[in-house]
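The values are calculated or read from the model by the stated rules, or taken from the named source; none is laboratory data. Small disclaimer: the values here were computed from a predicted structure and weren't measured. Reconstructed Cβ throughout: ideal geometry from the backbone, glycine too, with neighbour counts over all protein chains shown.
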Amino acid sequence: MQIKILGTGCPNCQRLEANTKKVLEELKLEGKIEKVTEIADIMSYGVMSMPALVVDGAVKISGRVADVKEIKELLSK
Amino acid sequence: MNIFYPIQIFADWLTYSVFNIIPKTLLASAVNFFIFDTIKILILLFVIIFAVSLIRSYLPPEKIRNILSHEKKYVGNILASLLGIITPFCSCSAVPLFLGFVQAGVPLGTTFSFLVASPMINEVALVLLFGMFGWKIALIYIISGLMIAIFSGMVIEKMDVRNLVEEFALNGAGENIELPEMSWKQRTDYAKNYTLDIVKKVWLYVVIGVGLGAWIHGYVPTDFLAHYASADKWYAVPLAVLIGIPLYSNAAGVIPLVGALTEKGVAMGTALAFMMAVTALSLPEFMILKKVMKTRLILIFAAVVGIGILFTGYLFNWILK
């Protein structure tokens with residue numbers, strides 16, 4: 001599973017990353033979290049509000065910090 | 001009955017019974033004013049920000065871009081300005097919004113209408129205006145802000161400034177996307193978190209602003225500033241705009257302060273122009289926009305919006321006299 005966190009390093013981006021990490025550990029999923037911080041790269045996903053969560057190339061969350069429960073549902077699909 | 005009446009009772013009780021301040025003194029009036037206004041504005045902030053962020057969860061920037069990239073020029077300017085009201089804005093989101101819009105084919109003028117309306121007409125400013133001056137002034141602010149945003153966008157579109165936008169901004173790979181639907185609980189969670197974030201950020205400014213206002217309200221004689229800033233002083237409006245430009249981050253504290261200043265003789269149009277300059281013309285935002293456009297375009301942008309604000313200031317000084 002390819003997981004990407006898009007954001008320019010704001011506190012909310014770090015919160016979203018921390019929540020995602022927790023889910024990976026709890027579900028014992030093999031997955032790598034990659035941080036995308038370059039604005040041009042972020043734009044190429046079509047996202048304008050940050051932070052955003054991209055799973056296998058698809059934008060799942062944009063502009064808010066999802067909680068652990070929501071990310072869990074997203075990743076276990 | 002005034003819905004804020006219970007707060008007034010509480011403020012009276014705290015001032016006269018708890019703090020034991022003798023009524024009808026300057027100190028009593030300042031303390032009472034401070035307690036009442038702080039509580040009223042904080043309650044309004046919670047309610048309004050929550051409501052606006054709930055609406056916003058249905059219209060995130062990605063969806064707005066989708067709408068705007070299909071609109072014709074003039075309708076686009078109007079829609080962009082209206083949608084700008086519910087979109088929060090900080091100088092950090094200026095670049096992603098600008099790039100996202102332009103790359104998905106939203107016309108430049110429409111993008112600028114949005115860039116003007118989004119910071120200028122925001123829920124924090126509106127709550128404070130409503131709290132300090134009542135709904136009429138808040139409505140005047142919304143309508144004239146919309147007009148400035150719509151016309152600035154149209155003027156910039158007419159000037160054909162595409163060559164002043166950085167190459168990479170026009171040729172990037174941004175595109176329209178569909179975001180997954182959110183559940184009702186996700187929306188309310190988002191609104192709750194966002195409201196807490198903003199209130200945490202602005203409450204201190206509100207307290208300081210209202211505090212200064214209360215002090216001025218109680219201790220500075222009425223008409224103290226009339227000599228320098230009444231409606232017949234031509235230089236008051238441009239001066240207010242110039243002072244407003246570097247004050248962006250303190251909009252929450254500036255408005256309560258302005259509330260007190262108008263009591264002491266600053267004309268309403270001048271005060272409106274000042275608030276618009278504080279919110280719409282921001283030095284940090286200009287610095288950040290340099291990444292995506294040439295300095296000349298930023299200057300054009302600032303000048304067009306600035307002229308609109310000056311016009312509004314003079315207009316309301318003349319009408320509300």
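What to note about this one:
- Top-ranked residue in segment B:227-286 [being β-branched (Val, Ile, Thr) and more than 20 Å from B:Ile142 (Cβ to Cβ); ranked as nearest to the chain's Cα centre (by Cα)]: B:Ile245
- Selection count, segment B:285-321, where residues are of a type in the set (A, V, I, L, M, F, W, C), within 17 Å of B:Leu170 (Cα to Cα) and without any contact (Cβ under 8 Å) to a residue 60 or more places away in the chain: 1
- A:Met43 meets each of the listed conditions (1) surrounded by fewer than 22 Cβ atoms within 10 Å (Cβ to Cβ); (2) without any contact (Cβ under 8 Å) to a residue 24 or more places away in the chain; (3) out of contact with any Pro (no Cβ under 6 Å at 6 or more places or on another chain) apart from (1).
- Segment B:272-313, subset not in a helix (DSSP H, G or I) and not hydrophobic (A, V, I, L, M, F, W, C), residue surrounded by the most Cβ atoms within 10 Å (Cβ to Cβ): B:Ser282
- Selection status of B:Leu99, assigned to a helix (DSSP H, G or I), modelled with pLDDT under 90, surrounded by 24 or more Cβ atoms within 10 Å (Cβ to Cβ) and within 13 Å of another protein chain (Cβ to nearest Cβ): yes
- Scanning segment B:81-96 for residues that are within 14 Å of another protein chain (Cβ to nearest Cβ), within 21 Å of B:Ala125 (Cα to Cα) and in a helix (DSSP H, G or I), we see that the one that is modelled with the lowest pLDDT is B:Ser91.
- When B:Asn193 is tested against (1) surrounded by 15 or more Cβ atoms within 10 Å (Cβ to Cβ); (2) assigned to a loop (DSSP other than H, G, I, E, B), exactly one condition is not met: (2).
- Single residue of A:Leu29, A:Leu74, A:Leu53 found to be within 11 Å of chain B (Cβ to nearest Cβ), hydrophobic (A, V, I, L, M, F, W, C) and touching a residue at least 40 places away in the same chain (Cβ under 8 Å): A:Leu53
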